[in-house]
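First the structure, in the form of structure tokens, and then the observations on it.
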């Protein structure tokens, strides 16, 4: 072991960050599993977690969205994965598109709207009721959501900084 490896112990803050990152990994995987199972319980078959999240992003606030808008809302850099989800959702009748100049603009179809409503019903009966039974402080969930939003911004900024640093 060289001197650099011996002195490479993480700071206390880095160790705490590792704990947060592990919790996020476990949460993310649990969330993805939940999204797929909730969509299946709502009547959808064969959708990935990204497909379901793309549908919700398109359905959100009943506004038409371009591919770039959906990628931005979901913080997805690889637009090809979102484009594939949109194609799959169109084939299954959950999403429709129209041309706006060179852009395709996507909207939720009546079947997509119905699936999103059924998804919310399943979430209410299973997840929300479970959280209520556990006496979850929903105000703390608001605080957690704000913290996770800040962490997403920190990680995005650090990602860009790491990209620049690796070029030097």
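The values are calculated or read from the model by the stated rules, or taken from the named source; none is laboratory data. All of these numbers come straight from a predicted model, not from anything done at the bench. Cβ sites come from the backbone with ideal geometry, for glycine too, and all protein chains shown count toward neighbours.
Computed quantities for the displayed model
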| read-out | value |
| --- | --- |
| Listing of helices (runs of 4 or more DSSP H) fully contained in region 86-168 that carry 3 or more residues being in contact (Cβ under 8 Å) with a residue 40 or more places away in the chain | 110-123, 138-167 |
| Failed criterion for residue 84 (all others in (1) surrounded by fewer than 16 Cβ atoms within 10 Å (Cβ to Cβ); (2) under 23 Å from residue 122 (Cβ atoms) hold) | (2) |
| Exclusive hit being within 15 Å of the chain's Cα centre (by Cα), within 18 Å of residue 27 (Cα to Cα) and buried (at least 16 other Cβ atoms within 10 Å of the Cβ), set 148, 53 | 53 |
| Among the residues listed as 19, 13, 40, the single one being in a helix (DSSP H, G or I), surrounded by 12 or more Cβ atoms within 10 Å (Cβ to Cβ) and modelled with pLDDT of 90 or more | 40 |
| Flag if residue 8 is part of a loop (DSSP other than H, G, I, E, B) and either touching a helix residue (DSSP H, G or I) at 6+ places or on another chain (Cβ under 9 Å) or surrounded by fewer than 16 Cβ atoms within 10 Å (Cβ to Cβ) (or both) | yes |
